[in-house]
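What follows is a short report on a single structure.
The values are calculated or read from the model by the stated rules, or taken from the named source; none is laboratory data. What you see is a predicted model, and the numbers here were worked out from it, not measured in a lab. No Cβ is skipped: glycine too gets one built from the backbone with ideal geometry, and neighbour counts run over all protein chains shown. Surface accessibility is based on the protein's heavy atoms, side chains included, excluding ligands, DNA and RNA. Shrake-Rupley method; radii C 1.70, N 1.55, O 1.52, S 1.80 Å.
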Amino acid sequence: MSQPRDNWSSSAGLVLAATGSAIGLGNLWKFPFITWQNNGGAFVLVYLICILAVGLPIMMAELLIGRRSQKSAVGALKEAAGPWWGIVGGWGVLAGFILLSYYTVIAGWSLYYFAQSIGWSFGGYPAGMAAGDLFNQQVGNAGLQLMLSLGFSIATIGVVYFGVSKGIERIARIFLPILFAILLLLLVSALGMSGSGEALRFIFRANFGELETSGVLEALGHSFFTLSLGMGAMITYGSYISRKQSIVKASAAIVGLDTLIALVATVIMFSVIFSVAGMSDQVSGSPVGMLFISLPELFYTAVPFGVVLGPLFYVLVALAALTSTISLLEVVTSYVIDERGVPRHKATFLCGGAIFVFTIFAALSFTGTPFLATLEIFAGKIGWFSTVDHFVSNWMLPTGGFAITLAAGWFMTRNATERELLDGTEPRWFHYGAWRFFIRWVAPLAVGAIIISVILGRDFS
């Protein structure tokens, strides 16, 4: 028996919650890192084009599929494109399940570094301590990893337990403005640093001679991954949209805010890096390294007001992570509620508990635990964490997103999609024919290129 369906109380609530889902560690660590790797400038411009041509059309498609049916991913795709499409929805739910299980571990690290930064702000940064050694020590501590992950899991379950309007939306209304305020304060501070001019030139000076084909693929891949597409999160959030709320306006706001925050975070991080002599040659060679190894030491040894900015930065990271983990748990929980008829309170605990079992596997894979630390299914991806991350990022999300573009562009009727998008709430600039062209042709070809590049050996994890 279906249960009464909650709705976002306002368009602002929808935008904040969905933006919170899209804003995550990908904005604060992955985008700055791949921008660094691909020499900024031209890469950023290509990324912005991909966001408009691929990310925005798919965002609209997922939201309209959800609102049309008022069901979670499985039921929504069945109703939109046919019974067999429930498999695609189930694939998305599974992707959300697996992704949350290891994303929670990374989110827990933000709690650790926030606590450490508070201590450093009052007691000073330990002389001679290498940030890389600190990182290795904390990920290798099994008890600490489990405690941090459990803390983040409890926070996530606590929000989803109260539902959409009283839980997810309420937290988004509180946390997103705080997140924006912290980001603005960090930006103002960063622009006052000596390296800010060089950082801005690096990010926004487009020299296409420095951009390789692999960089174009990286920009395309991240434009899709950064928006929480391909795993049913936006379909699920779309199912809580009322008929009075505009899918087009919400999609544009979500994509715009997500992109702006990624760019601002990149300006902040690069301003810090370029303000320290020689630091641009010493940035640790991974997204994890940039966020949790390079930056902590810089805040306390080279950045003005770092004793204030350091803790604020890791609060920002934690808030961004929490708004994402909430949406991932909601994907799984809403499936159990809609398809299995389990009450929300019970479904939240069941799903959260089941996911945490696999979170334990991800957390212990860094601690030398037999099998979990040595598992190798994909060449070069050693350990449970790396294996599941590679599987989700390179296989589950692209294939799920590709199927959703086909469902919206080719299997749903023109009348069905037109009714959802041209409902009297759309802005003047929106052109339905252009959206239909992009969702039928450009988006499938683009996501298909991601899948082909993965088959040929490209790694998007």
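Among the listed pairs Lys30/Lys346; Lys166/Lys244; Lys30/Lys166; Lys166/Lys249; Lys30/Lys249; Lys346/Lys381, which are separated by more than 29 Å between their Cα atoms? Those over the limit are Lys30/Lys346; Lys30/Lys166; Lys346/Lys381. Need one word for the range 198-354: rounded, prolate or oblate. Basis is the Cα gyration tensor (sqrt eigenvalues a ≥ b ≥ c); a/c below 1.5 gives rounded, then a/b vs b/c decides. Since a/c reaches 1.5 and a/b is larger than b/c, the shape of the range 198-354 is classed as prolate. Scoring 355-367, 59-71, 203-215 by mean Cβ neighbours within 10 Å over their residues and listing the highest first yields 59-71, 355-367, 203-215. The Cα-based radius of gyration of the chain, divided by its Kirkwood radius, gives an Rg/Rh of 0.95. Taking every protein chain into account, the accessible area of the chain amounts to 38 square angstrom per residue (probe 1.4 Å). Surface composition of the chain: carbon and sulfur make up 66 percent of the accessible area, probe 1.4 Å. Considering the range 77-209 at the alpha-carbon level, its Rg and Dmax are found to be 20.9, 63 Å.
Shown in residue order for the range 341-347 are the 3J(HN,Hα) couplings computed by the Karplus curve 6.51 cos²θ - 1.76 cosθ + 1.60 at θ = phi - 60°: x, 7, x, 3, 4, 6, 4 Hz (x for Gly and Pro). Rounded to the nearest 20 debye, the dipole size of the range 360-424 about its Cα centre is 100 debye, using +1 on the Cβ of Lys and Arg and -1 on the Cβ of Asp and Glu. Plainly put, the range 340-461 has a radius of gyration that is 1.13 times its Kirkwood radius, both from alpha-carbon atoms, as the Rg/Rh ratio.
Relative contact order for the range 105-177: 35 percent, from Cα pairs under 8 Å spaced at least 6 residues apart, divided by residue count.
From the alpha carbon centroid of the range 154-208 to that of the range 392-423 is 29 Å. Assuming charge only on the beta carbon of Lys and Arg (+1) and of Asp and Glu (-1), the dipole of the chain about its Cα centre is about 1300 debye to the nearest 20.
Farthest towards the positive end of the charge dipole of the chain, among the residues Val160, Gln245, Ala12, is the Cα of Gln245, using unit charges on the Cβ of Lys, Arg, Asp and Glu. Which angle from 0 to 90°, rounded to the nearest 10, does the C-alpha axis of helix 247-274 make with the longest principal axis of the chain? Once rounded, one gets 10 degrees. Sorting Thr301, Thr399 on solvent-accessible area from highest to lowest, probe radius 1.4 Å, gives Thr301, Thr399. Against the chain, whose longest principal axis is taken from its Cα atoms, helix 397-406 shows a tilt of about 30°.
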